[in-house]
Amino acid sequence: MNFLIDINVPINTETIDRIQLEKKSGKNIYETICILEKISQKIFNQIKEDLYAKLDEFNPMNMNKNNLEETFENKEQIELSRFYEKLPKSTSISIQYLLNGKIQI
């Protein structure tokens with residue numbers, strides 16, 4: 001399953017009604033949390049793989065020697081890092097996917 005990062009996911013922690021989660025999943029809260037944790041791990045791993053693939057482009061071993069000076073002050077790398085730092089947590093993403101009906105449990 002390939003998850004896309006939803007920009008509409010809140011970055012800050014929000015309280016979610018337990019009953020709302022149970023209604024959306026059709027299961028009790030314990031089962032819902034266990035399933036959401038597994039989905040969250042998949043999202044986290046996908047984000048991590050994506051980040052590592054993008055950071056590998058900045059690896060000095062992959063660049064020729066003329067571009068080595070750019071490596072130390074690469075604005076693209078800084079912007080990439082800031083983007084991934086601002087992403088919501090994978091648990092928030094999985095919960096929001098459930099609430100929006102993007103995943104079915």
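The values are calculated or read from the model by the stated rules, or taken from the named source; none is laboratory data. Keep in mind that what you see is a predicted model, and the values were worked out from it rather than measured. Cβ sites come from the backbone with ideal geometry, for glycine too, and all protein chains shown count toward neighbours. These area figures cover heavy atoms from the full protein model, side chains too; ligands, DNA and RNA do not enter into them. Shrake-Rupley method; radii C 1.70, N 1.55, O 1.52, S 1.80 Å.
Inside region 3-51, can you point out the residues that are aromatic (Phe, Trp, Tyr) and loosely packed, with under 10 Cβ neighbours inside 10 Å? Break it down into steps so the answer makes sense when it comes.
So in region 3-51, the residues aromatic (Phe, Trp, Tyr) come out as 3, 30, 44.
Within region 3-51, just 30 meets the criteria.
Can you go through 22, 14 and tell me which one is in a loop (DSSP other than H, G, I, E, B) and either of a type in the set (D, E, K, R) or at pLDDT 90 or above (or both)? Break it down stepwise before answering.
Details: 22 fails: in a loop (DSSP other than H, G, I, E, B).
Being in a loop (DSSP other than H, G, I, E, B) and either of a type in the set (D, E, K, R) or at pLDDT 90 or above (or both) holds for just one of 22, 14, which is 14.
What are the pairs, 6+ residues apart or on separate chains, where a residue within region 81-105 that is in contact (Cβ under 8 Å) with a residue 40 or more places away in the chain and over 20 Å from residue 50 (Cα atoms) has its Cβ under 7 Å from a residue that is open to solvent by 40 Å² or more (accessible area, probe 1.4 Å) and assigned to a helix (DSSP H, G or I)?
98/24; 99/24; 105/35
Tell me, which helices (runs of 4 or more DSSP H) lie completely within region 30-105 with 1 or more residues that are over 20 Å from residue 14 (Cα atoms) and modelled with pLDDT under 85?
68-72, 75-86
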